[in-house]
Each structure stands twice: as structure tokens, then as C-alpha cells.
Amino acid sequence: TLGTQTDYRDGEAQTDPYSPEYVVPSGLVPELLTLATLTWGRGLPAGLAEVEMIERAREKRAWEATLPAMDNASQIMKRRKMMDDMERKEWAFREQEIEKLQEVRLEVLKRLLWRREKNQNELDAKRLDDHWQNHQKAKEEKIKKIQHDCALMLRKLIAKRKNVMGKLERRDIIKEYTDFASQTYAPLSRIGYFPDNHSERYVVKNFYLNTFAGLCELEASLPDSVTQVKIKAPKPKYPTTKTGFIKRSARLEMELAQVHQALLEKKNKVEEPKTPLRFLEKVEKPVPRPPTPILEKPSVEEEETELAVICLQKLLRGRAVQNMMFEGKEKRLELIRELRTTHALQEDGQLLLKAEEQMTLALQKQHDLQMHKLSSAENHLAREEGRVLANIFDFLSKELVRLQEERKIHAFVMLAERQRRMREAEESGRRQVEERQRQEEDEIFRQAREGDCTIDSYLEDIILSSMENTAEEQAREEIQRMAVEINDIAYEMESRRTRLQSEEIVAELVYDFLIPEAEKMSSREKVRQSQRKHIYAAHQIIHRGIE
């Protein structure tokens with residue numbers, strides 16, 4: 001009454017069918033054992049080809065049962081003729097199989113040729129696309145170069161037009177500093193200024209941040225409150241129970257306080273004045289800037305005098321600063337000596353820090369060396385694995401090519417052998433016909449010459465031979481027609497037959513053909529064993545007599 005729904009089908013979890021062990025009784029050879037070579041995936045479940053193979057085996061066994069015994073010459077001739085006919089049928093069937101195999105190979109070859117042509121077309125299309133892309137890139141680069149040259153020439157023409165007369169102008173410093181687009185604020189790299197050069201000047205270099213000793217000193221100078229954080233648990237605003245829940249009275253007080261606060265806010269709420277429309281306000285214009293004062297250009301003599309005065313001021317100020325520094329050094333000479341002694345005491349600590357730093361660097365270097373050794377060993381192993389795999393794949397590919405060539409040669413040998421046998425059969429048949437005609441002509445000539453037979457007997461022999469030939473041809477045609485009809489009936493029955501009927505037929509065949517054949521073989525073996533006893537006894541008697 002219960003059912004389950006699994007995620008897998010029975011076909012996905014199906015394994016190879018189980019074949020139990022069997023015991024064949026003595027004296028029995030069932031027909032089913034002839035199909036022991038068929039396994040799951042190689043002939044089982046049986047298809048049309050396997051059924052045809054079974055039918056051919058049955059027909060061959062039935063044909064072998066109908067072969068005449070080799071008692072006299074006529075039976076031997078009849079047996080030989082039947083065997084020749086069966087050999088021709090087998091050769092015809094083999095030719096049909098070879099034709100089917102050739103058709104399959106031809107289809108595979110057509111498919112491979114079509115795939116190769118498709119791949120070649122794709123490769124040609126890809127090459128054309130790459131060629132077109134290269135042409136497009138070259139075209140774009142050429143256009144960029146032309147535009148760059150055009151801009152350069154335009155700048156040159158504009159610069160020439162500004163100074164048509166070729167007059168030399170002095171530098172106007174005030175104009176350059178008032179114009180934010182001048183070379184002072186935004187210099188151009190094509191003139192020779194590169195903003196990225198000497199960028200390391202603006203990097204902040206701090207002893208406490210860039211060196212290990214500075215970090216240690218900075219860490220030692222920090223208070224304990226920075227390195228050892230202490231977190232205090234917050235106290236609850238309302239009284240709670242032992243389990244951490246708020247009491248009911250505290251919850252009521254909290255709700256009443258919230259309601260009271262909301263009422264006060266609503267009571268003391270002041271209405272905000274409405275904001276006027278933005279587009280109706282009057283926008284006041286800013287006060288215009290005063291004109292920039294223009295100074296008159298001083299003369300050359302005044303500029304030189306001013307520069308000389310500025311240089312003299314710099315020299316005086318530098319000399320005054322130098323004197324102040326010398327006086328301060330003389331005043332604080334004792335303090336400088338004391339600092340030097342304390343610094344000498346700190347050198348031991350610095351040496352310890354340097355030793356620790358060198359130790360850490362050595363450990364890091366050793367770790368890097370070990371990692372490099374491991375990586376090199378892994379690279380060697382990977383290289384060896386790749387070489388071994390390449391050799392194995394090369395050997396397997398060569399073996400595959402060798403096996404394919406052997407199969408081709410075997411097929412060619414079989415075809416050549418079949419053609420040789422066919423030619424030999426045709427030649428032997430032709431020779432037999434010629435010998436028979438020669439014998440008939442000799443017999444006719446002998447009978448006509450000797451006069452032993454009359455014309456009536458001669459005509460009677462001719463009529464009898466022609467009647468025999470005609471009867472043989474009619475019998476052969478009748479047999480072929482009956483074979484075609486029986487074949488059609490068998491195909492029709494095969495198409496209508498169910499699996500149960502097929503199993504019944506196989507069982508009947510096993511019971512009717514294989515079991516009797518096994519009994520025959522066992523009886524023959526028994527007779528042979530009994531005869532072997534007598535032969536052995538006769539041999540012993542003969543040997544005793546000889547001794």
C-alpha cells in the first residue's frame with residue numbers, strides 16, 4: 001500500500017545481467033551453448049544481425065544433416081556438388097557483407113571529408129577576418145598619425161601668426177600668474193616639462209613609519225590604554241530580573257513615558273511658514289570685480305639695482321642666522337654632550353633590534369629557498385610525467401596505426417584469396433565442360449564410325465540427354481522459385497513473430513538439433529572408447545608375441 005519515488009530510473013542503475021552457472025548432463029550438447037560467445041553489449045540483447053546468424057547456423061546444421069553418405073561414387077559426386085553449391089552461397093554472402101562494410105566505410109569517409117572541408121572553410125574565414133582586422137588597425141594608426149601631424153602643423157601656424165614680424169618680447173610675469181592657463185600653472189610636456197618626474201620628492205618619509213626600529217620605539221611610547229582595550233558592559237536603563245527580562249512595571253512606565261513625550265511634541269508643535277516659490281525671488285547680481293591694476297614697467301637700471309639689493313639682503317640674513325646658530329651651540333654645549341652619551345647607551349638596544357631583524361630576514365630567506373626547491377622538484381616531476389605520458393601516447397598511436405594497417409592487409413589478402421578461388425573454380429568448371437564435350441564428341445564419332453548403333457539409337461541418346469538437361473533446368477528453376485516463396489513466407493513470419501514465439505523456436509531448435517547431436521557425439525565417444533579397449537588388448541597380445 002506504500003510507494004516511493006526515486007531520483008533515478010531503473011535503466012540508469014542497471015548492471016550487466018547475471019548469468020548463473022550451469023551443468024550439462026552427460027551425452028547432451030544443447031544448442032544454447034553455441035551462443036555462449038554472445039555477451040551483454042556484444043550480441044545481447046539479440047538484434048537482427050544475431051537472429052540472422054542463428055538462422056544461418058540452423059540452416060547449415062540442417063544442410064549438414066542432409067548430406068549423403070560417402071558409400072559409392074554417385075553419392076560422392078552428389079555430396080561434392082552440394083558442397084560446391086554451399087560454398088558459392090557462402091562466398092556470395094561474404095561478398096554482400098564486404099559490400100556493406102565498404103558502404104559504411106564510404107559513408108564514414110564522406111563524413112570525414114565534409115568535416116574537413118567545413119573546418120577548412122572556417123579556418124579560411126578566420127584568416128580573412130584576421131587579415132581584415134590587421135588592415136583596419138593599420139588604417140586607424142595611419143589616420144591617427146595624420147591627425148597628430150595636422151594638429152602639430154596647426155599649432156606651428158598659430159604660433160607663427162601670433163608673431164608675424166618676428167619681434168622678441170620680454171616675459172610678462174604678471175600676465176602669466178593672472179592667466180591660469182599659462183605655462184606657469186599648466187606646463188606642457190612637449191616643451192620639456194614632465195610633471196611625473198621627481199615625484200618622490202613629495203613622498204612623506206617618516207622614521208617612525210618606514211623603519212623597524214622606529215615602529216618599535218613608537219609602540220613603546222604609546223600608553224597601555226591604546227594597546228590593551230577594556231570594554232565595559234552597558235548598564236540596563238530599566239530594572240531587570242535575574243534571567244535578563246524587563247519587569248512588567250518597568251515596561252508600563254516606559255510606555256507611559258513614550259505616550260507623554262508624543263503628547264508634548266504634538267502640543268508644542270509650531271507650524272512652519274510656507275516657503276515662497278523659487279522662481280518669483282529676485283536674484284541679485286554679484287558685485288563686479290574691480291579692474292586689475294597695471295603697473296608701469298621699470299627700467300633696466302632699476303631692475304638691476306633691485307636685484308642687487310635683494311641679493312645683499314639674502315647674504316645678510318643668511319649670515320645673521322649662521323651667527324645665531326653658532327651662539328646657540330656655544331650656550332647648549334653641555335646639553336649636546338649629555339645627549340651624545342645617552343645616544344651611545346641606546347646603541348646596544350639598536351644592535352639587538354638589528355640582530356633580531358637580521359634573524360627574521362635569514363629565516364625568510366631560508367623559507368624562500370625551501371619553497372624554490374619544492375617548486376623546482378615539482379617542475380621536474382611534472383616534466384618527467386609529461387615525457388612518460390607523451391611516450392605512452394606515441395606508442396599507443398603507433399600500435400593503433402599498425403593494427404589498422406594489419407586489418408587492411410588482411411582484408412586485401414582475403415579479397416585476393418577469394419578472387420583466386422573464384423578463378424580456380426571457373427577454370428575447373430570450364431575444364432570439366434570442355435572434357436565432357438570432348439568425351440561426347442569422341443563417343444559420337446566412335447559410335448558413328450563403328451556402326452554399332454543405328455541412327456535411331458543416336459537420336460534416342462540425343463533426345464534423352466536433352467530431356468535430362470531440360471528436366472534439370474526446370475527442377476533448378478522450380479527449386480529457386482520455391483526457395484524464394486519459402487524465404488518470403490519466413491520473412492513474413494519473422495516480422496509477425498513475437499518474442500515468446502522466438503524463444504519457443506529457439507527452444508525447439510535446441511531440443512531438436514543440439515541435444516540429438518550431443519547424443520550422437522556421446523554415443524560415438526562410447527563406441528570409440530569400447531573399440532579402444534579391444535585395440536589396446538590386441539596391441540598387448542602382438543607385443544607379447546614379438547617379445
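The values are calculated or read from the model by the stated rules, or taken from the named source; none is laboratory data. Since we're looking at a predicted model, the values are computed, not measured. As a convention, Cβ positions derive from the backbone with ideal geometry for all residues, glycine included, and neighbour counts pool all protein chains shown. Only protein heavy atoms, including side chains, enter the accessible area calculation; ligands, DNA and RNA are left aside. Shrake-Rupley method; radii C 1.70, N 1.55, O 1.52, S 1.80 Å.
So which residues in the stretch 283-323 are assigned to a loop (DSSP other than H, G, I, E, B) and more than 29 Å from Lys175 (Cβ to Cβ), if there are any at all?
Val283, Glu284
What number of residues within the stretch 55-104 satisfy the criterion of being over 30 Å from Ser502 (Cα atoms) and β-branched (Val, Ile, Thr)? So that I can check it myself, show each step before the final result.
Start the filter on the stretch 55-104 by keeping residues that are over 30 Å from Ser502 (Cα atoms), which leaves 68-81, 84, 102-103.
Keeping just the survivors that are β-branched (Val, Ile, Thr) gives 76.
Total meeting the criteria: 1.
Can you name the residue in the stretch 45-55 that is touching a residue at least 12 places away in the same chain (Cβ under 8 Å) and either open to solvent by 70 Å² or more (accessible area, probe 1.4 Å) or among the β-branched types (Val, Ile, Thr) (or both) and, of all such residues, is nearest to Ser428 (Cα to Cα)?
Filtering first and then ranking leaves Ile54.
Which pairs do you get when a residue that is assigned by the TED database to the domain that holds Asn469, found in the stretch 421-435, comes within reach of a residue that is at pLDDT 85 or above, reach meaning Cβ atoms under 9 angstrom, with the pair 6+ apart or on two chains?
none
Among Glu492, Glu517, which is the only one that is at pLDDT 75 or above, touching a helix residue (DSSP H, G or I) at 6+ places or on another chain (Cβ under 9 Å) and open to solvent by less than 90 Å² (accessible area, probe 1.4 Å)? Give the derivation first.
Working: Glu492 fails: touching a helix residue (DSSP H, G or I) at 6+ places or on another chain (Cβ under 9 Å).
When all the criteria are applied, what remains is Glu517.
Any residue at all in the stretch 387-397 that is open to solvent by less than 90 Å² (accessible area, probe 1.4 Å) and either over 23 Å from the mean Cα position of the chain (by Cα) or touching a residue at least 12 places away in the same chain (Cβ under 8 Å) (or both)?
Checked against the condition, which is being open to solvent by less than 90 Å² (accessible area, probe 1.4 Å) and either over 23 Å from the mean Cα position of the chain (by Cα) or touching a residue at least 12 places away in the same chain (Cβ under 8 Å) (or both), the stretch 387-397 yields no hits at all.
Got a number for residues in the stretch 25-42 being surrounded by 11 or more Cβ atoms within 10 Å (Cβ to Cβ), touching a residue at least 60 places away in the same chain (Cβ under 8 Å) and either assigned to a loop (DSSP other than H, G, I, E, B) or at positive phi (or both)?
Let us first name the residues in the stretch 25-42 that are surrounded by 11 or more Cβ atoms within 10 Å (Cβ to Cβ), namely 27-35, 38-40.
Checking which are touching a residue at least 60 places away in the same chain (Cβ under 8 Å) leaves us with 27-34.
Okay, now just the ones that are also either assigned to a loop (DSSP other than H, G, I, E, B) or at positive phi (or both), so 27-30.
Total meeting the criteria: 4.
State yes or no: is Lys142 over 37 Å from the mean Cα position of the chain (by Cα) and farther than 23 Å from Gln480 by Cα?
So Lys142 passes the test.
Specify which of the listed residues (Glu384, Glu357, Glu406) is open to solvent by less than 100 Å² (accessible area, probe 1.4 Å), within 24 Å of Ala213 (Cα to Cα) and among the charged types (D, E, K, R). Even if it seems obvious, please write down each step before you answer.
Details: Glu384 fails: within 24 Å of Ala213 (Cα to Cα); Glu406 fails: within 24 Å of Ala213 (Cα to Cα).
Of Glu384, Glu357, Glu406, the one residue that is open to solvent by less than 100 Å² (accessible area, probe 1.4 Å), within 24 Å of Ala213 (Cα to Cα) and among the charged types (D, E, K, R) is Glu357.
Criterion first (open to solvent by less than 100 Å² (accessible area, probe 1.4 Å), among the acidic types (Asp, Glu), out of contact with any Ser or Thr (no Cβ under 6 Å at 6 or more places or on another chain) and farther than 30 Å from Leu514 by Cα) does Asp149 satisfy it?
Values: open to solvent by less than 100 Å² (accessible area, probe 1.4 Å): yes; among the acidic types (Asp, Glu): yes; out of contact with any Ser or Thr (no Cβ under 6 Å at 6 or more places or on another chain): yes; farther than 30 Å from Leu514 by Cα: yes.
So Asp149 fits the description; yes.
Tell me which residues, restricted to the stretch 57-92, are open to solvent by 70 Å² or more (accessible area, probe 1.4 Å), closer than 29 Å to Val506 by Cβ and in a helix (DSSP H, G or I).
The answer is Glu59, Lys60, Glu64, Ala65, Met83, Glu87, Arg88, Lys89, Glu90.
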